[in-house]
Amino acid sequence: DNKQYVMEVAVPGLKKEQVNMSIDKDGYLTLSIENKNEQKDENKKEHYLRREFSYTSYRQSYALPDNVNADKIEANVADGVLKVVLPKVEKKEEKEDVKHIEVK
């Protein structure tokens, strides 16, 4: 809309601690998601141990438009969706190239 951009990313089952966002000096927004999972099944009576590991990683960079206020970007995770709000910079009154002076 006129005041902001909104970006939504599907992140089912992830928590906010697993999401990392940053903006580099060139104006790119980088989104990183890491999900580590370990399952352990042990039965001492039958003498076995089973461990399963899974690791998922996602990283994507997005070029931000010039009119985004990088200091006021907000993000939150709810119901499996990461919502990033990118507020636009308020337009300043542009100066005219030529200033007319009234002769009295």
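Could you go through the stretch 62-70 and let me know if any residue there is open to solvent by 60 Å² or more (accessible area, probe 1.4 Å), assigned to a strand (DSSP E or B) and closer than 26 Å to residue 88 by Cβ.
Within the stretch 62-70, one or more residues are open to solvent by 60 Å² or more (accessible area, probe 1.4 Å), assigned to a strand (DSSP E or B) and closer than 26 Å to residue 88 by Cβ.
Scan the stretch 30-60 residue by residue and report those that are among the aliphatic types (A, V, I, L, M) and at pLDDT 90 or above.
31
Among residues belonging to the stretch 5-23 that are part of a strand (DSSP E or B), touching a residue at least 60 places away in the same chain (Cβ under 8 Å) and open to solvent by 60 Å² or more (accessible area, probe 1.4 Å), point out the one that is farthest from residue 87 (Cα to Cα).
Filtering the stretch 5-23 down to residues part of a strand (DSSP E or B) leaves 5-10, 19-23.
Next cut, touching a residue at least 60 places away in the same chain (Cβ under 8 Å) only: 5-10, 19, 21.
Among the residues that remain, those that are also open to solvent by 60 Å² or more (accessible area, probe 1.4 Å) are: 5-6, 8, 10.
Details: 5: 6, 6: 8, 8: 14, 10: 21 Å.
Among those residues, the one meeting the criterion is 10.
Can you report the number of residues in the stretch 24-42 which are in a loop (DSSP other than H, G, I, E, B) and at negative phi?
Count: 3.
Restricting to the stretch 24-56, what's the tally of residues that are under 15 Å from the mean Cα position of the chain (by Cα) and without any contact (Cβ under 8 Å) to a residue 40 or more places away in the chain?
Total satisfying the criteria: 6.
Would you mind stating whether residue 35 is more than 16 Å from residue 83 (Cβ to Cβ), open to solvent by less than 80 Å² (accessible area, probe 1.4 Å) and among the polar types (S, T, N, Q)?
Details: more than 16 Å from residue 83 (Cβ to Cβ): yes; open to solvent by less than 80 Å² (accessible area, probe 1.4 Å): yes; among the polar types (S, T, N, Q): yes.
It is true that residue 35 is more than 16 Å from residue 83 (Cβ to Cβ), open to solvent by less than 80 Å² (accessible area, probe 1.4 Å) and among the polar types (S, T, N, Q).
Kindly check whether there is at least one residue in the stretch 79-86 that is touching a Lys or Arg at 6+ places or on another chain (Cβ under 8 Å) and of a type in the set (A, V, I, L, M).
Kept after step one, since they are touching a Lys or Arg at 6+ places or on another chain (Cβ under 8 Å), are these residues of the stretch 79-86: none.
There is no residue in the stretch 79-86 that is touching a Lys or Arg at 6+ places or on another chain (Cβ under 8 Å) and of a type in the set (A, V, I, L, M).
The values are calculated or read from the model by the stated rules, or taken from the named source; none is laboratory data. In this text, all values refer to a predicted model and were calculated from it rather than measured experimentally. Using ideal geometry, Cβ is built from the backbone for each residue, glycine included, and neighbour counts are taken over all protein chains shown. The protein model used for the area step is the full one, side chains on, heavy atoms only, and it has no ligands, DNA or RNA in it. Shrake-Rupley method; radii C 1.70, N 1.55, O 1.52, S 1.80 Å.
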